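The values are calculated or read from the model by the stated rules, or taken from the named source; none is laboratory data. As the structure is a prediction and not an experimental result, all values here were calculated from the model. A quick note on method: Cβ atoms are made from the backbone with ideal geometry, for glycine too, and the neighbour counts reach across all protein chains shown. Heavy atoms of the whole protein, side chains included, go into the accessibility calculation; ligands, DNA and RNA do not. Shrake-Rupley method; radii C 1.70, N 1.55, O 1.52, S 1.80 Å.
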Amino acid sequence: MASKKPLAAIRGFAMSDLSRQYIGPTWQLAVTAIHRAIADAGLKKSDIDGLLINKSPVATLMDLPMDLLDYAGLKDLTLCSVVEAEGSSGVQMVQQAALAVQAGMAKAVVCVFSDAPIVPGVSTQQAFGMPLPLMGKLGSEAPTGLFGPVAAYALAARRYMHKNHLTEDHLGAVAVACRQWALKSPLAMMKKPLSMQDHHNSPYVVEPFHLFDCSFPVNGAVAVVVTSAERAADGPQPAVYIHGMGQGHRGVTNRRGFENEIEIGAKLAGQGAYAMAGVGPKDIDCAQVYDAFTYCILLQLEQYGFVEPGGAGEFVLAGQTAPGGSFPVNTGGGQLSGYYLQGGTPLSEGVMQARGTAGERQVKHDLVLTAAYGGRMMYHACMITSPHASL
Amino acid sequence: MYDITRIKGWPMPVLNELNQPHFDAMADGKVLVQHCPDCDTWLAPGAFVCENCGSTAVQWREASGRGEIYSYVVMHRTFDPAFEAMVPYNVCLIELAEGPRLLANVVGVANNDLTIGRAVQATFEKVGEGLPLLKFKPG
Ligand SMILES: [Zn+2]
């Protein structure tokens, strides 16, 4: 491995309360997470000079406005921005904060994601069920009845399954592994054991996806404080050093020869992060990846190089990503069984694992890969973190 | 996320200046897609430039209407009242013989008989106030 200085580090981390009930507006959850993260970092509000904000793509700017800085009581910021890269923003914010810290534009940057899709009178199905332009070109989703991310992802999953001869057992194995992790996490929402049979017996939402192939929306917020590696080392919490960062965006090409469902930007994002950190997939101890749907874990395992292309289904079916397996993935239960806070979900578990504060679910964490994506897996960002300042 | 226009409750295609000819041509029973004369690449509707060579000379051109199922899903729930009576219904991604892919419903086939690679042929069915919509049928 290379011996390079970290790019920056995560010094503070916190979440708001998480709930399936309405516990306050999006901005309020964000402020709670921000204040808790600043306290966790052992800093004062006056120490914070950067704020990066990310909202859910299905929320409005009114829900999480840029003047969140006033709500949070932050003053004299030298960096403030709304980051809009869909689900990849959770990781992208940390990347941007790291760059800003390196460039001297800010010393301590708070990054926050917040969402409150569950409000009285609106089901999560309604909240996420609108037609989304996820097929690359806008227009035909509504008249053909393709609603919500679940439908667009199911279309992609079918193609991936066909190509790799996968069955619903392979999808189910992903859900079962995540639930096994969730049972070890006090933060996870889904606390009942899940068997393969339970998965298969759950109703179809959009075939091939059963209910348990889909993530579990909650109301909540995640915030981190990014500083220089040196400043993070002085904090009250173990520093999470950022050694590699990458992004990959390939767009969607709707014609023969382009398998958008299989060749995604995650590979590009991973290559960048590995090169920057001077490590390879074999060096990574665990991965926290965005798992809006079961299929997404399988594909990312391949694209980030943990498994050969087409091999993820059997790998997960063999229990390799579950507790006790050779390569722990989404150790907090992920978005499927833990909580769906978009890019905030892998980010939160990645921080807890890298800090070594994941309790009963703690795994070997010398190198943690944290990855998030947005759209129908069009936009990817990942980072490689470690509790060690030098690799 | 975008707003849906409805006619008699039926969601209509979401139109913009880049895709309108494709949807307008459905009234004439034509599958209109785009084509780049500079590199002879057929493109899915909505292209401003050729994604293959970057040319802005992209033109509208009629496709054969033949194709195959590239992927498909079956909606067991819907999120829109207009489709409630149709559940479970399919939505497919059709790869035209010329290469572009279109989102459409396949009619005249049981959901269990949908398969990737199955040959399909364009057909037009009226929805809402009699506006024809491009669908596909086995063939
Ligand atoms: Zn061209």
Residue pairs, Cβ under 6 Å, 6 or more apart or interchain, first in segment A:131-147 and more than 7 Å from chain B (Cβ to nearest Cβ), second modelled with pLDDT of 70 or more. List them. A:134/A:152; A:134/A:376; A:136/A:252; A:136/A:254
Given (1) within 23 Å of the chain's Cα centre (by Cα); (2) aliphatic (A, V, I, L, M); (3) within 14 Å of chain B (Cβ to nearest Cβ); (4) assigned to a loop (DSSP other than H, G, I, E, B), identify the lone condition not met by residue A:188. (3)
Can you tell me how many residues in segment A:82-107 are closer than 12 Å to residue A:53 by Cβ and either aromatic (Phe, Trp, Tyr) or open to solvent by 40 Å² or more (accessible area, probe 1.4 Å) (or both)? 3
Looking at residue A:293 and the list (1) more than 22 Å from residue A:84 (Cα to Cα); (2) touching a Phe, Trp or Tyr at 6+ places or on another chain (Cβ under 6 Å), which single condition is not satisfied? (1)
Residue count for segment B:79-101, restricted to those that are within 7 Å of another protein chain (Cβ to nearest Cβ) and in contact with a helix residue (DSSP H, G or I) (Cβ under 9 Å, 6 or more places away or on another chain): 5
Hey, can you tell me all the residues within segment B:44-78 that are at the interface with chain A (Cβ under 10 Å from one of its Cβ atoms), closer than 20 Å to residue B:23 by Cβ and among the hydrophobic types (A, V, I, L, M, F, W, C)? B:44, B:47
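How about segment A:340-376: which of its residues are part of a loop (DSSP other than H, G, I, E, B) and open to solvent by 10 Å² or more (accessible area, probe 1.4 Å)?
We begin by selecting, within segment A:340-376, every residue part of a loop (DSSP other than H, G, I, E, B); these are A:341-343, A:356-358, A:362-367, A:375-376.
Passing the criteria: A:356, A:357, A:362, A:363, A:364, A:365, A:366, A:375, A:376.
Just to be sure, is residue A:90 touching a helix residue (DSSP H, G or I) at 6+ places or on another chain (Cβ under 7 Å), modelled with pLDDT of 95 or more, not hydrophobic (A, V, I, L, M, F, W, C) and not in a loop (DSSP other than H, G, I, E, B)?
Numbers: touching a helix residue (DSSP H, G or I) at 6+ places or on another chain (Cβ under 7 Å): yes; modelled with pLDDT of 95 or more: yes; not hydrophobic (A, V, I, L, M, F, W, C): yes; not in a loop (DSSP other than H, G, I, E, B): yes.
For residue A:90, the condition - touching a helix residue (DSSP H, G or I) at 6+ places or on another chain (Cβ under 7 Å), modelled with pLDDT of 95 or more, not hydrophobic (A, V, I, L, M, F, W, C) and not in a loop (DSSP other than H, G, I, E, B) - is met.
Would you list the strands (runs of 3 or more DSSP E) that sit entirely within segment B:23-139 and hold 1 or more residues that are away from the ligand (no atom under 15 Å from the Cβ) and open to solvent by less than 10 Å² (accessible area, probe 1.4 Å)? Before the answer, list the steps.
Details: elements: B:32-36, B:41-43, B:59-62, B:66-75, B:89-96, B:101-104, B:119-127, B:131-138.
The strands (runs of 3 or more DSSP E) meeting that bar are B:66-75, B:89-96, B:101-104, B:119-127, B:131-138.
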State yes or no: is residue A:302 assigned to a helix (DSSP H, G or I) and free of Cβ contacts under 8 Å to residues at least 12 places away in the same chain? yes
Is one or more of the residues making up segment A:196-215 open to solvent by less than 20 Å² (accessible area, probe 1.4 Å) and more than 14 Å from every other protein chain (Cβ to nearest Cβ)? yes
